[in-house]
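Trainee: One structure coming up, written as structure tokens, with questions to follow.
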Amino acid sequence: MRTIPLKPDSVEATYLVETPLAPEKVAAIMAGEQSCGTFVRVAGESDELRARAGAEVLVVEELEPASAPSLASAWLERQGTSGPWRRARVRIAYPLANVGANLPTLAATVAGNLYDLGEVTGLRLVDVALPQAYRTRFDMPRHGVAGTRSALGVSGRPLFGTIIKPNVGLSADEIAALVADLCEAGVDFIKDDEICADPVHAPLEERVRAVMAQVRAYRERTGRTVMVAFNITDELDAMRRHADLVEREGGSCVMASLNWCGLSAMQSLRRSTPLVVHGHRNGYGAFARHPLLGIGFDAYQALYRLAGVDHMHVHGIGGKFSDAPREVEEAARRCLQPLALDAPDASDAVMPAFSSGQWAGTLPVTACAAGSSDFLFMAGGGILAHPSGPAAGVASLRQAWEAVAANEDLEQAASSRPELAGALSFFGKKAG
């Protein structure tokens with residue numbers, strides 16, 4: 001459970017821990033390892049220093065034990081230690097003076113070597129809670145929910161987006177032609193796939209120029225803005241150059257793969273561009289899919305929101321990925337909440353981006369999960385593969401939202417909405 005840190009000069013981290021040892025002992029080891037201690041008392045480690053710089057164990061809540069260890073530990077094997085395998089929820093407060101406004105070091109403090117401790121057979125960073133005074137030392141989203149809506153001129157409904165498909169293989173001109181069709185179809189948002197950044201067959205510079213020529217022409221003719229998230233994932237200097245190019249060409253958004261660029265690169269990118277930063281979390285399953293290892297979404301989003309991103313992927317309900325509906329719902333709602341629990345408002349909220357196998361039929365449960373219309377609903381095949389074409393795919397999403405807003409059953413609504421009916425008939429069979 002998230003709580004406001006008990007001390008205004010500390011950041012709290014909550015963990016799920018598995019160990020054959022006393023959880024209280026392991027919690028103390030964790031606190032020492034990640035602050036001023038090590039495995040033995042050393043010269044210079046005075047009582048005054050420990051009181052000032054040592055982490056404090058706040059809560060150790062023992063849970064049901066496990067029948068077998070989740071992970072192996074050669075250290076425990078050398079000790080001849082066996083079960084029972086005790087599990088506990090542990091909350092530790094770390095002095096902010098140890099960290100300063102240093103995002104990579106914050107991550108190293110709340111996670112770092114903890115995963116390698118021999119005493120544990122499972123460890124997961126569940127949450128990171130921090131005071132608003134510390135949050136303000138980091139970058140806020142420059143656009144977030146309100147700024148993205150303002151840029152697109154859309155209110156009162158979700159933003160409907162899509163992804164360039166095929167993922168890779170199209171030339172820059174072919175992608176630009178597809179973008180022109182999607183603009184005409186009525187989408188609000190178009191993004192590159194995460195694996196299409198600067199391929200030989202569609203170099204990023206060529207792609208940006210070709211796509212933005214189509215987007216500008218459409219905007220000048222219709223007065224409607226379409227946001228394109230160009231995948232600029234690369235080393236940092238290249239990402240800065242790519243973002244500058246997008247800005248010069250009249251673009252409004254860039255996308256980067258959070259896990260492969262890293263916290264410091266995302267932080268530097270945020271500080272170097274005025275554009276919307278769309279954070280793609282591909283690879284997150286490696287950090288989070290095992291329940292006794294890695295980083296939970298609450299902790300993950302806290303770190304990357306401190307880097308100043310505007311949008312964050314939360315996967316989708318009823319899609320192609322492994323997430324349980326509850327996990328997706330909690331992730332979306334967390335994005336829309338203020339990062340610090342003592343914040344005066346949610347002005348630093350980020351736009352949750354739903355994707356993965358989404359279509360008109362998954363919109364009602366998505367809206368319920370988000371608890372708001374403030375989300376980006378991205379349907380790749382759900383738009384592009386609609387049997388009557390992309391325009392009908394977009395229309396089916398708008399019609400599904402009309403039904404949701406009117407608390408109307410989709411099947412009933414489809415009786416007078418042919419595009420929605422076509423989506424239910426075509427995608428419904430595949431979903432079943």
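Trainee: Pairs please, first residue from the stretch 188-217 and closer than 16 Å to His242 by Cα, second anywhere and open to solvent by 50 Å² or more (accessible area, probe 1.4 Å) and part of a helix (DSSP H, G or I), Cβ atoms under 6 Å, 6+ apart in sequence or on different chains.
Mentor: Going by the 6 Å Cβ cut-off, the qualifying pairs are Ala210/Asp173.
Trainee: In the stretch 340-364, what residues are open to solvent by 30 Å² or more (accessible area, probe 1.4 Å) and more than 21 Å from Leu384 (Cα to Cα)?
Mentor: Across the stretch 340-364, the qualifying residues are Leu341, Asp342, Pro344, Asp345, Ala346, Ser347.
Trainee: Tell me whether the stretch 123-134 contains one or more residues that are over 30 Å from Ala72 (Cα atoms), among the basic types (Lys, Arg) and in contact (Cβ under 8 Å) with a residue 60 or more places away in the chain. Give the derivation first.
Mentor: Applying the first criterion (over 30 Å from Ala72 (Cα atoms)) to the stretch 123-134 yields 130-134.
Going one step further and asking which of them are among the basic types (Lys, Arg), we end up with none.
For the stretch 123-134, residues over 30 Å from Ala72 (Cα atoms), among the basic types (Lys, Arg) and in contact (Cβ under 8 Å) with a residue 60 or more places away in the chain: absent.
Trainee: Turning to a different aspect of this structure: Which of the residues that make up the stretch 311-328 are open to solvent by less than 20 Å² (accessible area, probe 1.4 Å) and either among the hydroxyl-bearing types (Ser, Thr, Tyr) or under 10 Å from the mean Cα position of the chain (by Cα) (or both)?
Mentor: Residues of the stretch 311-328 that are open to solvent by less than 20 Å² (accessible area, probe 1.4 Å), as a first pass: 311-314, 316-317, 328.
Hits for the stretch 311-328 are His311, Met312, His313, Val314.
Trainee: Taking the conditions exactly as written (within 28 Å of the chain's Cα centre (by Cα) and at pLDDT 95 or above), does Gly361 satisfy them or not? First the steps, then the outcome.
Mentor: Details: within 28 Å of the chain's Cα centre (by Cα): yes; at pLDDT 95 or above: yes.
So Gly361 passes the test.
Trainee: Touching a residue at least 24 places away in the same chain (Cβ under 8 Å) and within 28 Å of Ala302 (Cβ to Cβ): is that true of Pro84 in this structure?
Mentor: Criteria not met by Pro84.
Trainee: OK, next. Scan the stretch 84-119 for residues that are open to solvent by less than 20 Å² (accessible area, probe 1.4 Å), touching a Lys or Arg at 6+ places or on another chain (Cβ under 9 Å) and farther than 26 Å from Phe138 by Cα and report the count.
Mentor: 1
Trainee: Also: Name, by its number, the condition in (1) modelled with pLDDT of 95 or more; (2) open to solvent by 20 Å² or more (accessible area, probe 1.4 Å) that does not hold for Gly432.
Mentor: Condition (1) is where Gly432 drops out.
Trainee: When the residues of the stretch 254-293 are narrowed to those that are more than 17 Å from Met351 (Cβ to Cβ) and in a strand (DSSP E or B), which ends up most open to solvent (accessible area, probe 1.4 Å)?
Mentor: The selected residue is Leu293.
Trainee: Can you tell me which residues in the stretch 38-81 are acidic (Asp, Glu), assigned to a loop (DSSP other than H, G, I, E, B) and modelled with pLDDT of 70 or more?
Mentor: Pass one, the stretch 38-81, residues acidic (Asp, Glu): 45, 47-48, 56, 61-62, 64, 77.
Narrowing the set further to residues that are assigned to a loop (DSSP other than H, G, I, E, B) leaves 45, 64.
Result: Glu64, single match.
Trainee: Could you check the stretch 365-384 and list, in sequence order, the residues that are outside any helix (DSSP H, G or I) and either crowded, with 20+ Cβ neighbours inside 10 Å or among the polar types (S, T, N, Q) (or both)? Before the answer, list the steps.
Mentor: Of the stretch 365-384, the ones outside any helix (DSSP H, G or I) are 371-380.
If the condition is that a residue be outside any helix (DSSP H, G or I) and either crowded, with 20+ Cβ neighbours inside 10 Å or among the polar types (S, T, N, Q) (or both), then Ser372, Ser373, Asp374, Phe375, Leu376, Phe377, Met378, Ala379, Gly380 are the ones that fit.
Trainee: I need the full set of residues from the stretch 164-186 which are open to solvent by less than 20 Å² (accessible area, probe 1.4 Å) and within 19 Å of Ser396 (Cβ to Cβ), in order please. Show your work before the answer.
Mentor: Taking the stretch 164-186 first, the residues open to solvent by less than 20 Å² (accessible area, probe 1.4 Å) are 164, 172, 175-176, 179, 182-183, 185-186.
Within the stretch 164-186, Leu182, Cys183, Ala185, Gly186 qualify.
Trainee: Another question, if that's okay. Restricting the search to the stretch 215-242, which residues are in contact with a strand residue (DSSP E or B) (Cβ under 9 Å, 6 or more places away or on another chain), more than 14 Å from Gly279 (Cα to Cα) and either of a type outside the set (Val, Ile, Thr) or not in a loop (DSSP other than H, G, I, E, B) (or both)? Even if it seems obvious, please write down each step before you answer.
Mentor: Applying the first criterion (in contact with a strand residue (DSSP E or B) (Cβ under 9 Å, 6 or more places away or on another chain)) to the stretch 215-242 yields 215, 226-234, 239, 242.
Adding the requirement that they be more than 14 Å from Gly279 (Cα to Cα) leaves 215, 226-227, 242.
Listed by number, the residues that qualify are Val215, Met227, His242.
The values are calculated or read from the model by the stated rules, or taken from the named source; none is laboratory data. Quantities reported herein were computed from a predicted structural model and do not represent experimental measurements. With ideal geometry, Cβ positions are generated from the backbone for all residues, glycine too; neighbour counts draw on all protein chains shown. The protein model used for the area step is the full one, side chains on, heavy atoms only, and it has no ligands, DNA or RNA in it. Shrake-Rupley method; radii C 1.70, N 1.55, O 1.52, S 1.80 Å.
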